[in-house]
Amino acid sequence: MGFKDILVHVRPHAVDGEPVQVALRLAAGHGARLTGLLTLRDLAMLKLLYPSSAAIVEQRVQEAARLATEVEDRLRTLADSAGVGFGFQVGEGDTAELLGLAGRYHDLVVIGQTDPGTEELGIDVPEAALGTCGRPVLVVPRQGTFPVVGRHVLVAWNGSRESARAVQAALPFIALAERITVLLGRSKERYPSITRRPPVDIAVHLARHAGPGCAPVEAVPLEVPEAEAGAAILRQAAARGADLLVMGAYGRSWLREWALGGATRHVLRNAPLPVLMAH
């Protein structure tokens, strides 16, 4: 089982950027088709404010058409060089909403990490898209290069529905990994009717999906207060040399997570390695 249809968000000023490079390498490794999505938020705003015949709208439409052609040509060249099947789409509107919509038609969505200080596309685009697209999202850090993603997979596990969805989404990575580490966090779920728990073990489950060249799955307890979970997960990832972090998103409601912070937001904003999340 692998990814066959990957969507990557493309920024006009960084067509060669690391999110696209990571997506190209993943598509090549999995034999997947890669689709680039260019989002035009400013054009959508103009169309909502002015009639389509307005000079300012017509001018921006022409500029957007030229930009889309340039971006598509550059992406096609990169895809051809990587031997990857390629598609290109343009959307007008809020970036997160467009990614949420288009992402539902793909196996994996690749997005660059938000830079809160300079982000021009809207705040927390990966977080918002993650909450709406219903597909796993791979967030690529805004700094650094990542020639290998998934050789050492670090799974943050707390037994929740969200972490289970993230693990399921990560199985194509798990199958190819050389090393898998599981951080066993504290479960927040309670089961008042259960008097005897079945002997379930996430490390055993992951070992059944790992390839023949993978080292034995290592399980590591992570006993930290909830407020420190995000930072602790990233410290473990750095200390163990992981190149991919897998974790569930929004253990609380999205609104409460946004208002109070939490592991999801801390990791998405501060992770120095690619993060695969599912909600």
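The values are calculated or read from the model by the stated rules, or taken from the named source; none is laboratory data. Keep in mind that this is a model prediction, so the values were computed, not measured. When we count neighbours, we look across all protein chains shown, and the Cβ atoms used for this are built from the backbone with ideal geometry, even at glycine. What goes into the accessible areas is simple: the full protein's heavy atoms, side chains included, and nothing from ligands, DNA or RNA. Shrake-Rupley method; radii C 1.70, N 1.55, O 1.52, S 1.80 Å.
Identify, from the list Arg135, Arg142, Arg161, Arg196, the residue that is at pLDDT below 95, closer than 19 Å to Phe3 by Cα and open to solvent by 20 Å² or more (accessible area, probe 1.4 Å). Write out each step before concluding.
Numbers: Arg142 fails: closer than 19 Å to Phe3 by Cα; Arg161 fails: closer than 19 Å to Phe3 by Cα; Arg196 fails: closer than 19 Å to Phe3 by Cα.
Testing whether each residue is at pLDDT below 95, closer than 19 Å to Phe3 by Cα and open to solvent by 20 Å² or more (accessible area, probe 1.4 Å) leaves just Arg135.
Could you check, for region 99-107, whether at least one of its residues is open to solvent by 10 Å² or more (accessible area, probe 1.4 Å) and free of Cβ contacts under 8 Å to residues at least 40 places away in the same chain?
Checked region 99-107: at least one residue is open to solvent by 10 Å² or more (accessible area, probe 1.4 Å) and free of Cβ contacts under 8 Å to residues at least 40 places away in the same chain.
Output the residue which, of all residues in region 1-28 that are at pLDDT below 95 and either part of a helix (DSSP H, G or I) or closer than 17 Å to Leu98 by Cα (or both), is most open to solvent (accessible area, probe 1.4 Å).
His13
Any chance region 116-132 includes a residue that's over 15 Å from Leu268 (Cβ atoms), of a type in the set (A, V, I, L, M) and either open to solvent by less than 10 Å² (accessible area, probe 1.4 Å) or free of Cβ contacts under 8 Å to residues at least 60 places away in the same chain (or both)?
Scanning region 116-132, I find no residue that is over 15 Å from Leu268 (Cβ atoms), of a type in the set (A, V, I, L, M) and either open to solvent by less than 10 Å² (accessible area, probe 1.4 Å) or free of Cβ contacts under 8 Å to residues at least 60 places away in the same chain (or both), so the answer is no.
Just name the residue that is surrounded by the most Cβ atoms within 10 Å (Cβ to Cβ) out of those in region 215-243 that are over 18 Å from His266 (Cα atoms) and of a type in the set (A, V, I, L, M).
Val217
Looking at region 32-54 only, could you name the residues that are modelled with pLDDT of 95 or more and open to solvent by 30 Å² or more (accessible area, probe 1.4 Å)?
Passing the criteria: only Arg33.
Out of (1) in contact with a strand residue (DSSP E or B) (Cβ under 8 Å, 6 or more places away or on another chain); (2) in a helix (DSSP H, G or I); (3) open to solvent by 10 Å² or more (accessible area, probe 1.4 Å), what's the single condition that is false for Arg74?
Failing condition for Arg74: (1).
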